[in-house]
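This report concerns only the one structure given below.
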Amino acid sequence: MTRMPTYFISHGGGPWPWIPDMRRGFAKLERSLAAMPDELPEPPKAILMISGHWEADEVRVMHAAKPPMEYDYFGFPPHTYQITYPAPGAPELAERTAELIRDAGFDVTLDETQGFDHGTFVPAYIMYPEAQVPVYQVSLLANYSPEQHFAIGRALAPLRDEGVLIVGSGLSYHNLRNFGPQAKAPSMAFDDWLGKTLDAAPDARTEALVDWETAPYARICHAQEDHLVPLFVALGAAEGATATRTYHEDDIFGGVTASSWRFD
């Protein structure tokens, strides 16, 4: 089986594919997500998502055979609370995943009830609208520790050789109180720093990302870093890989610069 790349993707806002005006606004993002299956060496056995919308005090691994839906957004049209993405889960892979993480020294729980949050079902729907590929999730740790999330990613790395596509799903800029024109300069500066950092040699890249709060406008761009931390897991699983930017836009949410990357 050929080694899979990993990704860190910016997943957009809320249930955007099901709202026509929003979908038009995210057309460039949609094209990048829809292109992902063709960028893979072979169809994945499953997709493992690490979403900025699921965190816990310990590592939790989705174990349901038929995961439910989590409508973890507010103020959207009623029909967006009826969305279904009927991809199967991956219980056996979840058990393998939990074992790898436990062997790396983390407390792990197999979660029987957690459903797909929108950081997972939105990009998965664009990638595989027929929901034919199994999908499961690993939670973030609520402490957001860069070192620990890199370590979780390293623990997951063997899955790349077992047909699992590892995707960190967040946003390269995420400050809900600072969208619009005022986000333009901070998001552009942070995105530039992030791109240059990801292009650096692996050791220097990891060191810089662990110390990400020293980046330009770091705490303006990520007042809470839940949407950045998935990057650490995705890159930890492919720490020596080359980074390729797969999406870049400089005017979403009224002025935000955002990007996505593939690591292989």
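Our summary gives the chain a relative contact order of 30 percent, counting only alpha carbon pairs under 8 angstrom and 6 or more residues apart.
Pairwise Cα separations in region 59-156 fall into 10 Å bins from 0 onward with the following percentages, short to long: 16, 42, 33, 10, 0.
Roughly how many debye, to the nearest 20, is the charge dipole of region 116-191 about its Cα centre, given +1 on each Lys and Arg Cβ, -1 on each Asp and Glu Cβ, and no other charges? Charge dipole, region 116-191, about its Cα centre: 280 debye, nearest 20. Computed with the Debye formula from one identical point scatterer per Cα of region 127-257, without solvent, the log10 of I(q)/I(0) at q = 0.10, 0.12 Å⁻¹ comes to -0.34, -0.49. For region 69-120, the fraction of C-alpha pairs farther apart than 14 angstrom is 63 percent. Considering only Ser32, Ser172, Ser51, the mean-square fluctuation computed in a Gaussian network model of the chain, springs between alpha carbons under 10 angstrom, is largest for Ser32. Computed from point charges on the beta carbon alone (+1 for Lys and Arg, -1 for Asp and Glu), the dipole magnitude for the chain about its Cα centre is near 640 Debye. Structure remark: mean-square fluctuation, Gaussian network model of the chain, C-alpha springs under 10 Å; the largest value among Pro146, Pro202, Pro181 belongs to Pro181. Under 19 Å of direct C-alpha separation, and excluding same-chain neighbours fewer than eight residues apart, Lys184 reaches these aspartates and glutamates: Asp192, Glu213, Glu225, Glu249, Asp250, Asp251.
Largest GNM mean-square fluctuation across Gly52, Gly153, Gly180, computed for the chain with C-alpha springs under 10 Å, falls on Gly180.
The alpha-carbon of Lys66 sits under 28 angstrom from the alpha-carbons of these lysines, leaving out residues fewer than 8 places away in its chain: Lys45.
In the chain, the calculated helix contribution to ellipticity at 222 nm averages -10000 deg cm²/dmol per residue, counting -39,500 (n - 2.57) for every DSSP H run with n ≥ 4. Put the Cα centre of region 94-121 next to the Cα centre of region 195-264 and the gap is 23 Å. In whole percents, the pair-distance distribution calculated for the chain from its alpha-carbon pairs, binned every 10 Å from zero, is 7, 33, 39, 19, 1.
Every read-out reported here was derived from the displayed coordinates using simple, explicitly stated rules and does not represent laboratory data. As the structure is a prediction and not an experimental result, all values here were calculated from the model. Backbone-built Cβ (ideal geometry, glycine too); neighbour counts: all protein chains shown.
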